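All remarks here apply to the structure that follows.
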Amino acid sequence: MVFVCIGTDRSTGDSFGPWVGTMLSEQGWPFVIGTLENPCDANHYEAAVAGIPSHRTVVAIDACLGTMDPRCHYLIARGPLLPG
């Protein structure tokens, strides 16, 4: 399994992915892309995921900023994740 934790450490609202990535790395998960030290934002996403072997399961973790209604919800879906 590969965790792709999308976001940037430069914006509080978009730092959820890098925070989770850092915690996963600290817990010993071996395949984590996107941490506070090495964020995976829209500018680095394609290069960061290019080397993931096709047989790996990818779990993408990203924050979404929107209206107040969907706050505190988790969305789980199959399919691609498009940054930016």
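Table: residues versus (1) surrounded by 12 or more Cβ atoms within 10 Å (Cβ to Cβ); (2) under 21 Å from A77 (Cα atoms); (3) without any contact (Cβ under 8 Å) to a residue 60 or more places away in the chain.
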| residue | (1), (2), (3) |
| --- | --- |
| T8 | yes, no, yes |
| S11 | no, no, yes |
| S15 | yes, yes, yes |
| Q27 | no, no, yes |
| V32 | yes, yes, yes |
| P39 | yes, no, yes |
| H44 | yes, no, yes |
| T57 | no, yes, yes |
| A60 | yes, yes, yes |
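Taking the range 1-44 only, how many residues are at pLDDT below 90, in contact with a strand residue (DSSP E or B) (Cβ under 8 Å, 6 or more places away or on another chain) and over 14 Å from A63 (Cβ atoms)?
0
For H55, which of the numbered conditions (1) within 9 Å of the chain's Cα centre (by Cα); (2) at pLDDT 85 or above fails to hold?
Unmet for H55, out of (1) within 9 Å of the chain's Cα centre (by Cα); (2) at pLDDT 85 or above: (1).
The values are calculated or read from the model by the stated rules, or taken from the named source; none is laboratory data. Keep in mind the model is a prediction, meaning the values are calculated, not measured. Backbone-built Cβ (ideal geometry, glycine too); neighbour counts: all protein chains shown.
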